[in-house]
Amino acid sequence: YLLREDIAFCFSPLEAEEKLRERRAALRKTPLSCGNRPGTNVKADPKRKAGQRYTTSSYRRAIHRATMHAWPAPDGCQGEARKRWQQEHSWAPNQLRHTAATEIRKNYGLEAAQVVLGHASADVSQLYAERDQQLAIQVAQQVG
């Protein structure tokens, strides 16, 4: 993925789609003379087309779909209970950013977290990076 031009994206949805089609064609059991040939049943104007690069939202959606496949809801779980279960068992890439922000704030302070995250205001960084609960416990133990 890294053996590309410097300005090229490492991951491409268009390339992934092409590789998927190649794998499916290689695994095909029906002879080409019978049934659809590769490319003959493709929609003329699909609603969504694979692009040259992943966007923030397409990356997030892909991860969300993967977590739904990795941790499917239990049998019999439907309606509101299913939605609640899915929310509790989902994961988003932004959680990495929140965790990093919390760790930076813990080790280097709020201003460092603000600079690394690119926030114009420390108020946003305070909401983004959680407070250091261990520090509060240490202070409470020392002060009494």
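Some observations on this one:
- Translational diffusion coefficient (Stokes-Einstein; Kirkwood radius from C-alpha pairs) of the stretch 11-81 at 20 °C, 1.002 mPa s, in µm²/s: 138 µm²/s
- Chymotrypsin sites (Phe, Trp or Tyr not before Pro) restricted to the stretch 1-66 and DSSP loop, no more than 16 other C-beta within 10 Å: Tyr1, Phe9, Phe11
- The stretch 1-109: Lys pairs at Cα distance under 28 angstrom, eight or more positions apart or on different chains: 7
- On a per residue basis, the stretch 63-119 carries 73 Å² of accessible surface, using protein heavy atoms and a 1.4 Å probe.
- In this structure Thr40 has an accessible area near 90 Å², from a 1.4 Å probe over the protein heavy atoms.
- For the stretch 136-144, 3J(HN,Hα) computed residue by residue from phi via the Karplus equation (6.51, -1.76, 1.60; θ = phi - 60°) reads 4, 5, 4, 4, 4, 5, 6, 6, x Hz, glycine and proline entered as x.
- Semi-axis lengths, Å, the chain, gyration tensor of Cα atoms, sqrt of 5 times eigenvalues: 45, 23, 13
- From phi via Karplus (6.51, -1.76, 1.60), per-residue ³J(HN,Hα) for the stretch 5-13 in Hz, x at Gly/Pro: 5, 4, 8, 7, 6, 5, 10, 10, x
- Counting only protein chain heavy atoms and rolling a 1.4 Å probe, the accessible areas of Ile7, Ile137, Ile104 rank, largest first, as Ile7, Ile137, Ile104.
The values are calculated or read from the model by the stated rules, or taken from the named source; none is laboratory data. Keep in mind that what you see is a predicted model, and the values were worked out from it rather than measured. We place every Cβ from the backbone using ideal geometry, glycine too, and count neighbours over all the protein chains shown. The area values use the complete protein model at the heavy-atom level, side chains included, leaving out ligands, DNA and RNA. Shrake-Rupley method; radii C 1.70, N 1.55, O 1.52, S 1.80 Å.
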